[in-house]
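A quick write-up on the structure given underneath.
The values are calculated or read from the model by the stated rules, or taken from the named source; none is laboratory data. The structure displayed is predicted, hence computed values, not measured ones. Methodologically, a virtual Cβ is constructed for each residue, glycine included, from the backbone with ideal geometry; neighbour enumeration extends over all protein chains shown. These area figures cover heavy atoms from the full protein model, side chains too; ligands, DNA and RNA do not enter into them. Shrake-Rupley method; radii C 1.70, N 1.55, O 1.52, S 1.80 Å.
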Amino acid sequence: MKKTVFGITWAAAQNIYYLPLLIGVIGLIAYAFKKRSALVKALVAPKWLGIILKHYSAKRAVIKSFLISFACCFFFLALLKPQWDKKETVVQQEGRELFVALDISRSMLAEDVKPNRLAFAKSKIKQLLQLLPSDRVGLLVFSGTAVVQCPLTRDKSLFNMFLNHLDAETISSGTTSIGGAIAKVVAILKKLPTRKNKILVVFTDGEDFSHNLTKVREEAKAIGLHIFTYGVGTAKGAPIPIVNQDGVQTGYEKNSQGNVVLSRLNEGILHSLAQQTGGKYISPTQSKDDLKSLVADVQQYEKERFEDKELETQEEQYPYFLAGALFCLLVEWLL
């Protein structure tokens with residue numbers, strides 16, 4: 001927690017809570033000095049003080065008490081981490097770039113994973129970002145069409161803000177086109193021809209109605225796009241809830257015969273897509289083991305150099321306060 005007071009930035013201002021301890025220590029020093037002075041006066045009359053206690057000096061005792069108190073104050077100020085004098089630093093940035101594509105079709109509301117497929121996938125994506133702190137990540141959402149929800153960024157809070165806005169009310173009523181999501185990423189990456197490593201992670205239940213998936217897959221292979229697929233759901237499946245505009249469930253989707261439709265995880269298409277593009281299919285787990293496996297594969301790709309970033313920082317000044325504290329203690333020891 002930073003605070004600026006008197007033109008000085010205190011980078012660890014939360015340590016102000018130690019102020020009562022400082023006051024207590026200084027109080028003890030003052031009490032000890034007063035107690036010692038009273039004891040000297042009780043034992044020796046003032047006219048005999050220089051004869052009986054040759055090495056005692058009231059002035060020196062005062063100075064020593066003040067020096068110890070000043071040392072404690074300097075230590076306390078150093079604890080607050082004072083900063084001033086701005087300086088510019090150029091930070092070299094490197095990492096990997098990957099796109100995350102999230103299926104937002106109606107089938108993602110099925111509850112064969114808890115609380116539902118969409119919420120489960122969002123949770124996994126957030127965990128993935130925590131495991132890839134230095135990489136730039138972009139977010140696409142897709143159903144019948146694909147939309148870039150968040151461009152490539154290292155700002156994980158910005159990414160999570162866009163991700164958090166996806167809920168039952170944003171679920172599309174259209175069919176699912178994995179091919180559309182891949183085509184969107186391919187179009188973006190064609191504008192970045194210098195990128196060595198191109199990675200896409202698709203979170204979907206595998207229900208796909210693409211008419212051009214084979215063609216798009218070949219285009220992805222041609223530009224070196226590695227596609228990792230993450231299956232969301234179970235082979236057993238679950239019914240697809242119908243949600244109104246207010247996000248309230250009103251029933252389940254039914255076929256033309258009036259039977260409730262079950263949505264099942266289609267691992268076959270996801271296995272094939274990942275295998276043919278040099279990626280890997282990831283089976284979902286409740287633990288982080290699935291994501292650790294994914295991250296291990298992603299980290300095998302070489303990091304790329306991003307544009308350098310200029311940061312304006314303030315210089316740490318606490319060493320001067322530490323030096324002041326040590327100087328006071330040294331002088332006190334020599335007296």
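The set of residues in region 133-149 being surrounded by fewer than 21 Cβ atoms within 10 Å (Cβ to Cβ) and farther than 21 Å from THR175 by Cβ consists of PRO133, SER134, ARG136, GLY138. Applying a threshold of 7 Å to beta carbon distances and a minimum spacing of six or more residues, or different chains, the list of pairs starting in region 63-79 at a residue that is part of a helix (DSSP H, G or I) and ending at one that is of a type in the set (S, T, N, Q) reads LEU79/ASN15. Residues of region 111-134 that are in contact with a strand residue (DSSP E or B) (Cβ under 7 Å, 6 or more places away or on another chain) and of a type in the set (S, T, N, Q): SER134 alone.
Number of residues in region 286-297 that are in contact with a helix residue (DSSP H, G or I) (Cβ under 9 Å, 6 or more places away or on another chain) and either modelled with pLDDT of 90 or more or in a helix (DSSP H, G or I) (or both): the value is 5.
Touching a Phe, Trp or Tyr at 6+ places or on another chain (Cβ under 7 Å) and at pLDDT below 85 - does that describe any residue in region 143-157?
The answer is no; no qualifying residue exists.
In the set (1) open to solvent by 30 Å² or more (accessible area, probe 1.4 Å); (2) over 30 Å from GLN286 (Cβ atoms); (3) at pLDDT 85 or above, the condition left unmet by GLN83 is number (1). The residues of region 224-280 that are touching a helix residue (DSSP H, G or I) at 6+ places or on another chain (Cβ under 9 Å) and at positive phi, listed by number, are GLY224, GLY233, GLY247, GLY278. If the condition is being closer than 15 Å to ALA146 by Cβ, small (Gly, Ala, Ser) and part of a helix (DSSP H, G or I), then region 208-241 contributes only ALA220.
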